[in-house]
1. Can you pull out the residues in the range 30-57 that are on the phi > 0 side of the Ramachandran plot and modelled with pLDDT under 95?
2. Take the range 1-50 and flag every residue that is in contact with a helix residue (DSSP H, G or I) (Cβ under 6 Å, 6 or more places away or on another chain) and hydroxyl-bearing (Ser, Thr, Tyr).
3. In the range 50-81, what count of residues is obtained for those that are under 11 Å from Leu101 (Cβ atoms) and of a type in the set (A, V, I, L, M, F, W, C)?
4. Within the range 8-48, count every residue that is open to solvent by 90 Å² or more (accessible area, probe 1.4 Å) and either touching a strand residue (DSSP E or B) at 6+ places or on another chain (Cβ under 6 Å) or small (Gly, Ala, Ser) (or both).
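The values are calculated or read from the model by the stated rules, or taken from the named source; none is laboratory data. The shown structure was predicted, so the numbers you read here are calculated from the model rather than taken from an experiment. With ideal geometry, Cβ positions are generated from the backbone for all residues, glycine too; neighbour counts draw on all protein chains shown. The area values use the complete protein model at the heavy-atom level, side chains included, leaving out ligands, DNA and RNA. Shrake-Rupley method; radii C 1.70, N 1.55, O 1.52, S 1.80 Å.
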Amino acid sequence: MSSLLIHPQTKLKVTGYLNQPTHALLLTGEEGSGKLHLSKWLGDQLQLTRYIVEAEEGKSAISIDQVRDLYTLTKTGSALLVIIKDAHNLSKEAQNAFLKLLEEPPKEVRFILTTDNNDAILSTIRSRSQEIRILPLAKREIQKIGRA
């Protein structure tokens, strides 16, 4: 984990997740905090093929059709990590459809949702996901890294 520059408390939680990965992880933190980078890194550590879902070009929301496509994708039996980038952009309909995937998660599939607006995620999705808050590094930690 030495290649990751993350807050020590965040690092502890990430280590715990890697020791016992859950089917759904919610990474929360400020915009630009490295949630997507950490998601990809976790996929590499778990040796899973990554599939990233985000709002289509020119659209502001992740559509229910994009979530429905996940039903087919996740039924292949492949070891897969589905990253939902900016999950707060899931439409309400898409969130409800995604909830069905979380209620009966495919065996070899892990989900990571990233968000900087936790309140925009349905409470039922949050309750079925392990949450890790990406804490910012203190200035002294950043300065220490810069001197190394």
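1. Gly32, Gly34 - these are the residues of the range 30-57 that are on the phi > 0 side of the Ramachandran plot and modelled with pLDDT under 95.
2. Hit for the range 1-50 is Thr28, nothing else.
3. Qualifying residue count for the region: 3.
4. 1
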